[in-house]
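Heads up, the thing below is written out as structure tokens.
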């Protein structure tokens with residue numbers, strides 16, 4: 001696995017826990033205080049991990065600042081920026097009026113002048129109002145200015161389908177943004193990678209869109225005490241296997257891992273990869289996996305048309321066609337706005353039984 | 001831990017949030033007398049955002065009840081009136097316009113910022129150079145040598161005088177009709193020509209249309225074709241200057257049409273709330289391509305909007321170089337000293353077409369264009385003033401026009417012959433480092449070119 005090999009040969013991105021493969025993606029059971037104290041690292045929730053990453057970067061570099069609605073004294077709608085305004089002051093953690101196009105534009109202007117702003121969309125869906133600034137300015141100005149002006153911004157926020165938040169608050173913006181040249185997109189799924197990706201995104205010179213998921217903020221995990229930064233272009237091997245490659249990201253990772261438990265009981269050995277980097281795809285890790293298993297299943301939350309799965313299917317077909325023994329199967333949400341009713345909403349999101357059925361079909 | 005829904009709070013205003021946080025104190029705001037002490041303690045422990053210095057007085061009013069003629073609403077004290085009257089939609093008179101020189105270039109007041117002799121002469125020379133550049137480049141487009149051009153006819157004073165009032169540390173966020181600002185700052189004619197021809201010496205590396213200049217050396221941010229997006233960039237950059245505590249401001253230019261966009265509204269609102277040193281310069285030249293201002297808005301121009309956002313604003317005669325100079329000087333002082341935004345509306349007339357893709361005689365009478373071009377020409381007016389001050393002569397004029405023309409023609413001839421940027425520049429600067437997918441795409445493109453070299457243009461180097 002490429003990421004492990006890097007660690008052995010001398011980590012580029014600081015120290016990392018070597019050889020740690022997460023077999024149980026859902027957080028562990030409550031530990032007794034005694035055992036907790038003796039283990040290395042510290043336990044925290046995903047939103048706290050994001051905050052820790054943010055705070056470390058703000059300490060390290062005084063140019064890092066945060067813009068968003070209710071990020072200051074309110075601490076952010078998901079508490080990712082809680083406590084930061086008191087610590088760093090109003091200027092570095094800025095509450096903005098309700099105009100996404102404007103504060104994203106502000107971030108572009110500030111970034112071109114030397115600051116490193118982080119824009120928080122209260123919900124990713126609201127960033128659609130800032131689409132013009134993100135695609136035409138954020139993504140383009142480095143190129144059209146001939147490299148004279150860089151835009152090191154991070155645009156982040158919670159997205160994805162939550163629990164009965166209604167259609168407008170259940171957007172999967174990665175499908176709309178994936179075409180924009182000049183930006184990078186990453187999706188975090190665990191406290192460990194959330195902190196690492198946040199730090200990497202802030203340190204990157206390119207504009208990075210960091211997709212968080214509304215339902216993952218309260219995941220608990222033990223993460224290292226030492227500083228670490230992850231690579232923005234790397235996928236994560238969640239569970240190595242032999243029979244089929246399952247590619248997924250964000251919340252669907254947990255549905256896949258749940259399905260994986262059932263599949264293992266039934267005698268299958270799925271390889272699960274959290275692709276993490278949505279633009280560009282980590283075709284190296286993905287390719288190595290396909291060369292081993294020859295079967296691919298993509299599980300995503302995006303809609304069928306024009307989603308990340310659609311692009312990934314095209315990319316894999318183009319590059320690894322000769323290694324495939326079967327057609328790529330892509331499980332995604334239907335092309336409908338997310339309904340409010342709980343039962344209806346559940347059926348627009350890919351569920352573990354569907355994943356199990358798809359693997360069984362694929363491996364026939 | 002339950003997942004609460006914060007979006008609902010998004011729409012509740014200040015008082016709503018106060019109420020919900022105060023309920024944690026287990027006292028209702030309006031009920032007990034001792035809640036006042038807890039309220040002030042609570043307020044004092046937070047920053048100015050939650051602190052209301054009239055909080056105590058507010059409760060006095062409520063407790064006194066009865067005969068109050070004013071009330072401390074959120075936002076400040078408001079007096080009551082029993083008149084059921086609406087504020088007028090159209091004013092009786094339009095806001096007055098600040099002017100220093102009359103139509104024939106004579107001083108009509110002494111109320112202006114004095115200009116150094118050298119600066120005044122340089123201003124005039126640059127205005128003439130801008131005019132010459134515009135004329136010749138426009139012709140070059142007509143001859144098919146460049147693909148597109150956009151002139152600043154009628155707005156030379158706006159361009160040069162505003163630039164002259166700023167320092168080189170001030171950051172400029174232009175729209176597209178402000179090449180004169182860049183000219184003032186030292187961008188050479190050769191550099192202008194290189195950008196228009198998109199050759200390899202262009203610091204934009206041939207990636208943008210003509211007139212989309214940009215130069216970080218001159219603190220002039222690259223022009224983007226999107227309308228009014230630069231306004232919020234300017235606010236962000238001003239925010240950055242404020243954080244650094246620098247003795248500089250930002251200035252952003254936009255037209256009357258650009259003020260209809262959402263970006264304009266939000267940026268002005270932000271600048272006022274965040275108190276940043278930015279100058280909003282609106283070039284109200286009467287036309288947005290073919291849309292006259294009467295179809296663009298119904299307010300009295302743009303200057304009245306400043307008040308709506310809580311921003312100090314002024315209307316100036318855009319064809320009067322001294323007036324523009326004075327206004328921008330003062331605006332800069334206000335912006336930097338008080339760290340507050342300022343709005344300047346310069347009234348002018350777009351004497352040329354919108355661009356080379358436009359023929360404005362289709363939607364406005366030629367007589368109107370001619371009248372503005374002759375009677376209100378900013379260059380002529382300034383020249384008359386200079387002449388009156390003994391700083392300019394007819395001979396100097398002919399010499400200047402001749403040499404300017406020669407210089408521009410020479411720059412064009414040189415730029416035309418320079419090579420275009422290489423194929424490599426299609427892929428660089430999309431990111432800081434070339435990612436694998438772009439490396440593959442470049443390789444694939446080069447292979448295609450090799451296979452079909454006879455179909456590939458000969459003047460683009462590999």
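For the range A:50-79, a residue qualifies if it is more than 12 Å from chain B (Cβ to nearest Cβ) and assigned to a loop (DSSP other than H, G, I, E, B), and exactly one does: A:61.
For the range B:232-244, check the following and say yes or no: at least one residue is over 13 Å from residue B:173 (Cβ atoms) and more than 7 Å from chain A (Cβ to nearest Cβ). Yes.
Has the range A:91-109 got at least one residue that is within 7 Å of chain B (Cβ to nearest Cβ), part of a loop (DSSP other than H, G, I, E, B) and more than 18 Å from residue B:236 (Cβ to Cβ)? No, every residue in the range A:91-109 fails to be within 7 Å of chain B (Cβ to nearest Cβ), part of a loop (DSSP other than H, G, I, E, B) and more than 18 Å from residue B:236 (Cβ to Cβ).
Looking for whichever is touching a strand residue (DSSP E or B) at 6+ places or on another chain (Cβ under 7 Å), more than 7 Å from every other protein chain (Cβ to nearest Cβ) and part of a loop (DSSP other than H, G, I, E, B) here; the options are A:161, A:209. Which one fits?
On inspection, the qualifying residue turns out to be A:161.
Residues that are surrounded by fewer than 20 Cβ atoms within 10 Å (Cβ to Cβ) and closer than 28 Å to residue A:348 by Cα within the range A:218-240 comprise A:218, A:220, listed in sequence order. For residues that are assigned to a loop (DSSP other than H, G, I, E, B) and touching a helix residue (DSSP H, G or I) at 6+ places or on another chain (Cβ under 6 Å), scanning just the range A:221-241, find the one that is farthest from residue A:184 (Cα to Cα). Here the answer is A:228. Residue count for the range B:303-322 under the criterion of being farther than 15 Å from residue B:284 by Cα and more than 17 Å from the chain's Cα centre (by Cα): the result is 5.
Taking the range B:86-105 as the range and being in contact with a helix residue (DSSP H, G or I) (Cβ under 7 Å, 6 or more places away or on another chain), within 13 Å of residue B:322 (Cα to Cα) and outside any strand (DSSP E or B) as the test, the residues that pass are B:99, B:100, B:103, B:105.
Only residues that are within 14 Å of another protein chain (Cβ to nearest Cβ) and on the phi > 0 side of the Ramachandran plot were counted in the range B:174-230, giving 6.
Given the condition more than 30 Å from residue B:119 (Cα to Cα) and assigned to a helix (DSSP H, G or I), answer yes or no: does some residue in the range B:310-333 qualify? Within the range B:310-333 (the criterion being more than 30 Å from residue B:119 (Cα to Cα) and assigned to a helix (DSSP H, G or I)), the answer is no, since none of the residues qualifies.
For the range A:151-158, indicate whether the set of residues that are within 19 Å of the chain's Cα centre (by Cα), part of a loop (DSSP other than H, G, I, E, B) and either over 22 Å from residue A:57 (Cα atoms) or facing chain B (nearest Cβ under 7 Å) (or both) is non-empty. Checking the range A:151-158: not a single residue is within 19 Å of the chain's Cα centre (by Cα), part of a loop (DSSP other than H, G, I, E, B) and either over 22 Å from residue A:57 (Cα atoms) or facing chain B (nearest Cβ under 7 Å) (or both). Is it true that some residue in the range B:269-279 is farther than 26 Å from residue B:164 by Cβ, without any contact (Cβ under 8 Å) to a residue 24 or more places away in the chain, away from chain A (no Cβ under 14 Å) and surrounded by fewer than 24 Cβ atoms within 10 Å (Cβ to Cβ)? The answer is no, given that none of the residues of the range B:269-279 is farther than 26 Å from residue B:164 by Cβ, without any contact (Cβ under 8 Å) to a residue 24 or more places away in the chain, away from chain A (no Cβ under 14 Å) and surrounded by fewer than 24 Cβ atoms within 10 Å (Cβ to Cβ).
Read the figures in this text as sums done on the coordinates, not as results from a lab. Keep in mind that this is a model prediction, so the values were computed, not measured. Cβ atoms come from the backbone with ideal geometry, glycine included; neighbour counts cover every protein chain shown.
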